[in-house]
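The values are calculated or read from the model by the stated rules, or taken from the named source; none is laboratory data. The structure presented is a predicted model; accordingly, all values stated were derived computationally and were not measured. Note that we place each Cβ from the backbone using ideal geometry, even for glycine, and neighbour counts take in every protein chain shown. Each accessible area value is taken on the protein alone, full model and side chains, heavy atoms only, with ligands, DNA and RNA left out. Shrake-Rupley method; radii C 1.70, N 1.55, O 1.52, S 1.80 Å.
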Amino acid sequence: MIFVTVGTHEQPFNRLIEYIDRSVEKGDITEEVMVQTGYSTYEPRYCKWKKFLSYKEMQRNIEQARIVITHGGPSSFIAPLQIGKIPIIVPRKHELNEHVNDHQVDFCKAVKERMGTIIVVEEIDGLGEIIKDYDKIVEGMGKGVKSNNDRFCLGFEKIVREMCRGDR
């Protein structure tokens, strides 16, 4: 199963939801897909979906999913990392009216560069290949990628401190 979450930010993230839904329609994605759509206005026709999920529902979907695809909100991508899953992150973009600025793009790039534990997809057209090659990509990320909360939290804290100081 693939689980997609766009969080609870009030601007729609139709770009990601439409891409996933059309990929299922075309047969590019053949496994079950569950989408948390939030405030998006696009309603999937080929995926299971729900606007908002309880914390328990989110956790259950993350645990059951082979692949978790999220927006660039830290809470959304930390949850799969905490149980040893490598999330695919499609950051929301300001230029597409998906967020108030490009902090998700910048933040995700920094986490990827410094931690190496996430897959960032800035251009939606590249998402299909990442999904197709997900298992190979994750395998190639090395044996050091495990559920290691202390290491992740320390590294994450360092990134946040540096970003707040402007040391990027």
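What do you reckon, is PRO74 within 16 Å of ILE124 (Cβ to Cβ) and not aliphatic (A, V, I, L, M)? Taking the combined requirement at face value, the residue does not satisfy it.
Out of the residues in region 7-30 meeting the condition of being in a loop (DSSP other than H, G, I, E, B) and at pLDDT 95 or above, tell me which one is most open to solvent (accessible area, probe 1.4 Å). Among those that are in a loop (DSSP other than H, G, I, E, B) and at pLDDT 95 or above, it is THR30. Being in contact (Cβ under 8 Å) with a residue 40 or more places away in the chain and among the charged types (D, E, K, R) holds for only one residue in GLU98, GLU113, and it is GLU98.
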